[in-house]
Amino acid sequence: MAQIVLMVLAAIALVAIAYAGMLYNGLVTVKNNVALAWANIDVLLKQRHDELPKLVEACKAYRDFERETLVRVTEARARVGHAREARDIDALGPAEAALRAGVARVFAVAERYPDLKANENFMQLQSRITGLENAIADRREFYNDCVNVNNIRIEQFPDALVARAFNFREARLLEFSPQETADVDLRALFAQK
């Protein structure tokens, strides 16, 4: 009889260990999905980071193009680059908003320069950067979905027990304030000098 009890306890322990292992592997998967989603955003941010100097150079070719606008884009690009490299999610939002506004201003100011607007290089860069902006927005949504799944899993029972035991951490959402996500007011951009 004692042997049967030991076998039942051993079977229960084996099932519990297997279940804990499954929970652990699931948590590893969602943690790595968050990292992968961030890496996808990082690639797009890097690509846009590399395209912006080309845009600035294309605009500089037009002697009268607003220097202040180009300086703002360059400074915002640097802030996004620093936040991206440091993986500072909190700094990335405001830096992205400044960069987005700066790029929108470049495109708005370009409207005053018919030769620039007709420049094939400028048009290609404008299209490429706009495409990257859309891809970044899509990837940000996917990243936040992965973060949400991660954060739910580490808080739910019984996953929370394994998460605490193995020090799984909550991931931070990539959030922007309503001002940062609002459409750029092109009328105001055209009115500025």
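Values in this text are rule-based calculations from the coordinates and carry no lab data. Note that this is a predicted model, so its numbers are computed, not measured. Here the Cβ positions follow ideal geometry from the backbone for every residue, glycine too, while neighbour counts run over all protein chains shown.
Couple of notes before you dig in:
- Cβ charges +1 (Lys, Arg) and -1 (Asp, Glu), total dipole of the range 2-136, debye: 40
- Principal axis dimensions, the chain - Cα atoms, whole angstrom, descending: 94, 28, 22
- Rounded to 0.05, the FRET efficiency of the ALA91 and GLU111 pair, given R0 = 30 Å and the Cβ-Cβ distance, is 0.45.
- Positive-end ranking of ASN150, ASN119, ALA163 along the dipole of the chain, with charges on Cβ about the Cα centre, is headed by ASN119.
- Each helix, a run of at least 4 DSSP H residues, gives -39500 (n - 2.57); summed and divided by the residues of the chain, these come to -28500 deg cm²/dmol at 222 nm.
- Dipole orientation for the range 1-70: of the candidates VAL28, GLN47, ALA58, VAL28 has the Cα lying most toward the positive pole (charges on Cβ; Lys, Arg +1; Asp, Glu -1).
- Residue by residue, the range 89-102 carries 3J(HN,Hα) couplings of 4, 5, 7, 5, x, x, 5, 5, 4, 5, 5, 4, 5, x Hz when phi is fed to the Karplus relation 6.51 cos²θ - 1.76 cosθ + 1.60 (θ = phi - 60°); x denotes Gly or Pro.
- Packing order of peptides 149-157, 4-12, highest average first: 149-157, 4-12 (average count of other Cβ atoms within 10 Å over each peptide's residues).
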